[in-house]
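Below is one structure, written out as structure tokens; the observations come after it.
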Amino acid sequence: MEIEYHIFPFVKQGVAKIATAARFSLAAAAVCSVACTLCWALGSGVGVLFYCLTELLVAAELLLLSILAPWCHTVLLAGRGLTLTRALSYFCTAMGLIMLVCEAYYIITGTLLMPRQGETPYFIITALLLCTLFNLPNMAAAPLRWRITLPLFFLFLLFSIITSGIFVGVLPFLSATSLAVSALLGYPHLRRLAATAPLIISMPPRQ
């Protein structure tokens, strides 16, 4: 008999706490990004501080989302989702942990741990977006509004990451706007996940 560890009480409580942390991290990142852009427009050097805070909060957000991905994929999707994207969700978690180690190493030593480690966030958010898009048919029980806003959340977050750090023309404003829109779209989903995860009592049947 398979042990359904996903619905153990301490696991569900952990998911709820991670979702809560992700919710506040996302909101704080959006606020700092807007503040950074305003400081940049006004020529204030304080913008550097807000930029560093935004980068740190976005990295934390990606790490938290990557940890949530396998649980959400297995527990919340009909048939536990597609086999391929389930594996991709675990890839997200692995990349999130790699990103954490690399960033910690860089902060301590000032050198990169692996080549092109700055591209790790792109891999994580793209994988999360693909998992969502390919499993839209497995979200048929969810309201249409949720099925629209969830992929848009990842899409705007991806666009914000791509344009962050490019202080040319209107790109800083686009990055801050995209992150703010992403926060508006993702915040309700994370709040809902934190509230409902502890209440789940069974796993969906396998396909």
| Cα pair count fraction exceeding 18 Å, expressed as % - the stretch 67-207 | 63
| field | In sequence order, calculated HN-Hα J values of the stretch 78-86 (Karplus, 6.51, -1.76, 1.60; Hz; x Gly/Pro) | value | 4, x, 6, x, 6, 4, 5, 6, 5
| request: Sort out for me the Cα centre separation of the stretch 17-89 from the stretch 173-200, rounded to whole Å. | output: 9
| said: Using protein chains only and a probe of 1.4 angstrom, how many square angstrom of SER202 are accessible, to the nearest 10? | reply: 70
| message | Considering only protein heavy atoms and a probe of 1.4 Å, how much of the accessible area of the stretch 59-127 is carbon and sulfur, as a whole percent? | response | 76
| Accessible area per residue, Å², the stretch 105-172 with all protein chains present, probe 1.4 Å | 58
| task | Compute the projected area of the convex hull of the Cα atoms of the stretch 1-149, averaged over all viewing directions, and report it in nm² to one decimal place. | result | 11.5
| What residue among ALA195, ALA27, ALA60 has the largest mean-square fluctuation in a Gaussian network model of the chain, using Cα springs under 10 Å? | ALA195
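The values are calculated or read from the model by the stated rules, or taken from the named source; none is laboratory data. Note that this is a predicted model, so its numbers are computed, not measured. Heavy atoms of the whole protein, side chains included, go into the accessibility calculation; ligands, DNA and RNA do not. Shrake-Rupley method; radii C 1.70, N 1.55, O 1.52, S 1.80 Å.
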